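Undergrad: Have a look at this one before I ask anything.
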Amino acid sequence: MRSDQDENRRYEAIDALRAIAVMLVLIFHYTSRFPADYIGFDHQMTLPWQGIVGVFLFFIISGYCIAMTAERSETVWMFWLQRFTRLEPALIACIAITLIVVAALGLPGREVSALDGLKNASWTTLFVPTPLVDGAYWSLLAEAKFYFVFGLVFYLWPNRVLVLFTSFTVLGAIAQFSGLWSDHQALIFPFKGIAMPYFLFPYSLFFLMGIAARRSTRTVQTVVTAGCLVVVVKLWGGSAFSAWVIALSILGVIGVQLRDIKIWRSVSYIGLISYPLYLLHQNVGVAIIRWLAPWIGSPYLRIGIAFCTVVAIAAFVAWAVEHRFRQRIEIYAARLMSRAATPA
């Protein structure tokens, strides 16, 4: 049985996994995501992975950590409040920074209006097709849907959460592989079909592996992980992409459970600021890389400058906004909820 003191600690292994995940995404976006002429390179760079594999690792971490958060939250409302206060302050700050940098430096074809920024910050993008301030924000919408589903399942049937979320994932797989209602105009992002909009498939596979790592025995974890990875192969075949997904999934399932492991401080710090870094890295970083092209010919030097810049901005957001305002908002909202629940 884990103690409250144990659960409130930060684990360096989880921060290291976050660092790996965000760096996989960042390097891909800075080298291979865009055409060479768009980003100011003299040739197209290629990597042996796609950025989405890092997001899949994030989803495994999220499945584990969200299950841990739910165990400490007294009500589903408090759970959702904690998730909102975890995401919203940094999201608002990063949206504002991204809009300013893109307006100042330019990023053709990827600019959005201030109104779109407000819609992104208010999460209406979940229900109304709206340009994303940064394309990387799609994963936040998947996370938000996961929080909603997991919160309902956990607080209605806490002892059956793994079985029920497994069933939820199986339904998504059935919808995906059968093509059931694939032309359905969904009411929620991504607005097409039912497998991904309503059942989070295939992202649910990775959330499920994280939940199993938190909520089951080693034997059950192994069975769940193996089952999910079989589906991965079914989805993407025996490709190099599948190999990356399988390797990172195994790393994630094992890594989230490591305790008292010491990680190089610089790596764990990148994990600590990984949320604002993820929000900022793509459009801000690419705008900087493009803007520097007339003065700096080396793409590697421009990538290095962009990386250092977005890390510095993310560190500031984490210090000045994310951790500072999160606790204040959560405490204030909890008091309001407590007063509302107290009979007059």
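The values are calculated or read from the model by the stated rules, or taken from the named source; none is laboratory data. All of these numbers come straight from a predicted model, not from anything done at the bench. Cβ placement follows ideal geometry from the backbone for every residue including glycine, while neighbour counts extend to all protein chains displayed.
Undergrad: Here is a list of conditions, (1) assigned to a loop (DSSP other than H, G, I, E, B); (2) buried (at least 18 other Cβ atoms within 10 Å of the Cβ), and F207 meets all of them except one; can you say which number that is?
TA: So F207 meets the others, but not (1).
Undergrad: Moving on to the next point. Given the options G193, G179, name the one that is in contact with an Asp or Glu (Cβ under 8 Å, 6 or more places away or on another chain) and either free of Cβ contacts under 8 Å to residues at least 60 places away in the same chain or of a type in the set (A, V, I, L, M) (or both). So that I can check it myself, show each step before the final result.
TA: Values: G179 fails: in contact with an Asp or Glu (Cβ under 8 Å, 6 or more places away or on another chain).
Within the list G193, G179, the selection yields G193.
Undergrad: Quick one: in region 88-110, of everything that is more than 22 Å from the chain's Cα centre (by Cα) and not β-branched (V, I, T), which residue is surrounded by the most Cβ atoms within 10 Å (Cβ to Cβ)?
TA: Here the answer is L107.
Undergrad: Among the candidates D37, D15, D42, single out the residue that is part of a loop (DSSP other than H, G, I, E, B) and either among the acidic types (D, E) or closer than 17 Å to L140 by Cα (or both).
TA: Details: D37 fails: part of a loop (DSSP other than H, G, I, E, B); D15 fails: part of a loop (DSSP other than H, G, I, E, B).
Exactly one residue qualifies, and that residue is D42.
Undergrad: Would you confirm whether or not region 183-199 contains a residue that is assigned to a helix (DSSP H, G or I), within 18 Å of M68 (Cα to Cα) and either of a type outside the set (V, I, T) or touching a Phe, Trp or Tyr at 6+ places or on another chain (Cβ under 9 Å) (or both)?
TA: Applying the first criterion (assigned to a helix (DSSP H, G or I)) to region 183-199 yields 195-199.
Imposing the further condition that a residue be within 18 Å of M68 (Cα to Cα) reduces the set to none.
Checked region 183-199: no residue is assigned to a helix (DSSP H, G or I), within 18 Å of M68 (Cα to Cα) and either of a type outside the set (V, I, T) or touching a Phe, Trp or Tyr at 6+ places or on another chain (Cβ under 9 Å) (or both).
Undergrad: Could I ask something else about it? I want to confirm something. Restricting to region 251-297 and keeping residues that are modelled with pLDDT under 95 and farther than 22 Å from M68 by Cβ, which single residue is farthest from the chain's Cα centre (by Cα)?
TA: G297
Undergrad: Here are some conditions: (1) more than 15 Å from the chain's Cα centre (by Cα); (2) farther than 19 Å from I188 by Cα; (3) crowded, with 17+ Cβ neighbours inside 10 Å; (4) hydroxyl-bearing (S, T, Y). T125 meets all but one. Which one does it not meet?
TA: It fails just one condition, (2).
Undergrad: Name the residues in region 45-89 that are in a helix (DSSP H, G or I) and among the β-branched types (V, I, T), would you? First the steps, then the outcome.
TA: Kept after step one, since they are in a helix (DSSP H, G or I), are these residues of region 45-89: 52-72, 76-89.
Result: I52, V53, V55, I60, I61, I66, T69, V76, T85.
Undergrad: Of all residues in region 264-299, how many are assigned to a loop (DSSP other than H, G, I, E, B) and over 19 Å from V317 (Cβ atoms)?
TA: Step one: filter region 264-299 for residues assigned to a loop (DSSP other than H, G, I, E, B), giving 264, 273, 293-298.
Still in the list and also over 19 Å from V317 (Cβ atoms): 264, 293-298.
Residues meeting the conditions: 7.
Undergrad: Moving on. Quick one: which of L180, L171, L208 is under 20 Å from G54 (Cβ atoms) and in contact with a helix residue (DSSP H, G or I) (Cβ under 9 Å, 6 or more places away or on another chain)?
TA: Numbers: L180 fails: under 20 Å from G54 (Cβ atoms); L171 fails: under 20 Å from G54 (Cβ atoms).
Of the residues listed, the single one that is under 20 Å from G54 (Cβ atoms) and in contact with a helix residue (DSSP H, G or I) (Cβ under 9 Å, 6 or more places away or on another chain) is L208.
Undergrad: How about region 242-258: which of its residues are surrounded by 21 or more Cβ atoms within 10 Å (Cβ to Cβ), of a type outside the set (V, I, T) and within 16 Å of A19 (Cβ to Cβ)?
TA: L248, G252, G255
Undergrad: Could you look through region 251-263, keep only residues that are in contact (Cβ under 8 Å) with a residue 40 or more places away in the chain and part of a loop (DSSP other than H, G, I, E, B), and pick out the one that is nearest to I61 (Cα to Cα)?
TA: Among residues in region 251-263 that are in contact (Cβ under 8 Å) with a residue 40 or more places away in the chain and part of a loop (DSSP other than H, G, I, E, B), the one nearest to I61 (Cα to Cα) is V256.
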